2 protein chains.
Amino acid sequence: MAECEHDHDGPEGLSGHHLSHALHDAEDRCVRAGERMTQPRRRALELLLEAGKPMKAYDLIEIFGEDGRPAKPPTVYRALDFLAKLGLAHRIESLNAYVACEMGERNHAAAFLICDCCGATEEVEPFAPEKVQAAASKSGYIIEAVTVEAHGRCGACAS
Amino acid sequence: MAECEHDHDGPEGLSGHHLSHALHDAEDRCVRAGERMTQPRRRALELLLEAGKPMKAYDLIEIFGEDGRPAKPPTVYRALDFLAKLGLAHRIESLNAYVACEMGERNHAAAFLICDCCGATEEVEPFAPEKVQAAASKSGYIIEAVTVEAHGRCGACAS
DNA sequence: AGCATCTCGATACATTATATCGGTATCACC
DNA sequence: GGTGATACCGATATAATGTATCGAGATGCT
Ligand SMILES: [Zn+2]
Ligand SMILES: [Zn+2]
Ligand SMILES: [Zn+2]
Ligand SMILES: [Zn+2]
């Protein structure tokens, strides 16, 4: 980021009834998963959907209150963790940022193309690293580095 | 991590002439790349190689000085950034940690299996996310989440 | 009602990372 | 062998990011 200043306004986020629908769908999904869509969780998702791009936790914290007052950090971090757990949002580790999931399916592997120049990001189908450039070039991307991080349990801990 | 307490001592890092050789190789590679292997860079790599596992920046900072005194944060972060740029080490974003590269080739896509229980990590060949479980099960790993983050330049910025 | 569990708000704190600046080393060139 | 450009370093200060903890309220179950 900030390496060049191409000023490209990408596609923006949701508003109006698109937003309402997305929130309603999320609530459904939440209920089906046996979880509660509480007020802070809904608000966090609303902000991510409105933004339509990755947001830093502290940027959300600043604008969290409906009344314009910032939230306390744990409130927002808890909500974001919840959304990520449910698959409604993803954390992008290399940006320390969070973004609403654009795919419907639950618990899918997440993959992102991230422009280091302008900050644009795109959620894409997961792919093998050696196929990244081919996949990315459909969007004109030139990839410089790919990282794959798979979390789980090792042989010893799984047993 | 810290979810269970299987106490498995994994393979450890380098020492003695294994360490010296690795450092010497790194210096060669550095020179061939037209870069300088300075004292702080060498020291950072030495610590990563000795550890043989991912290390937090501030853990390195604590033990950085040959004389037992800690380093200043920018010293270590600069060295780590350099090592990562050269492909001698990787940053593991989801752990905020750094590890010496176990593969020889330069600028390869990095992929890691990370045990959330004991913290064991393993650098592996990059793979397509849908093949992760198959690949990982060779080591007994059970994968719960995979993320792919590809950095580069978007169509607009590349042009 | 009584109890377990989940969730929240608040305070305080911990961890991780960077901006900046002045000085030194290194190198290319003349 | 001087001179300027660049890369690198050490130090100070501060910014950005993330958590531990605790008491109170909400929710669901029997
Ligand atoms: Zn997604
Ligand atoms: Zn871009
Ligand atoms: Zn590697
Ligand atoms: Zn383990």
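The values are calculated or read from the model by the stated rules, or taken from the named source; none is laboratory data. None of the values given here were measured: they were computed from a predicted structure. Cβ: placed from backbone, ideal geometry, glycine included. Neighbour counts: every protein chain shown. Keep in mind that these areas ignore ligands, DNA and RNA; they rest on the heavy atoms of the full protein, side chains included. Shrake-Rupley method; radii C 1.70, N 1.55, O 1.52, S 1.80 Å.
Across peptide B:95-102, the average count of Cβ atoms from other chains found within 10 Å of a residue's Cβ is 1. Over the protein assembly as shown, DSSP H runs of length four or greater, each weighted -39,500 (n - 2.57), average out per residue to a 222 nm ellipticity of -11500 deg cm²/dmol.
Near the amide H of residue A:110, within less than 5 Å, lie the amide hydrogens of B:146, B:148, all on another chain or at least 5 residues away, with H placed in the peptide plane.
For the listed residue pairs A:131/B:72; A:56/A:131; A:53/B:85; A:131/B:138; A:138/B:56; B:85/B:138, the alpha carbons are over 32 angstrom apart in A:131/B:72; A:138/B:56.
Solvent-accessible surface of chain A, averaged per residue with a 1.4 angstrom probe and all protein chains in place: 53 square angstrom. Ordering of A:23-33, B:144-154 by packing is B:144-154, A:23-33, highest average first (other Cβ atoms within 10 Å, averaged per residue). Checking the a/c ratio against 1.5 first, then a/b against b/c, what shape does the Cα gyration tensor give for chain A? In terms of gyration-tensor shape, oblate.
Among the protein heavy atoms of chain A, carbon and sulfur supply 51% of the accessible surface, probe 1.4 Å, non-protein parts ignored. Hey, for residue B:32 with labels 7 Å out along Cα-Cβ, what do the inter-copy distances come to in nm, ordered shortest first? Once sorted, the set of distances for residue B:32 reads 5.3 nm.
Computed about the Cα centre, the dipole magnitude for the protein assembly as shown is approximately 240 debye when only Lys and Arg (+1) and Asp and Glu (-1) carry charge, each at its Cβ. Considering only B:23, A:134, B:61, whose Cα is most displaced toward the positive end of the charge dipole of the protein assembly as shown, charges sitting on Cβ of Lys, Arg (+1) and Asp, Glu (-1)? The listed residue farthest towards the positive side: B:61.
Of all DSSP beta bridges confined to the protein assembly as shown, the antiparallel ones make up roughly 70%.
For the pair segment B:110-147 and segment A:51-92, the centres of their Cα atoms are 28 angstrom apart.
For the interface of B with A, what's the total buried accessible surface in square angstrom, probe 1.4 angstrom, rounded to the nearest hundred?
What B and A bury together is about 4000 Å².
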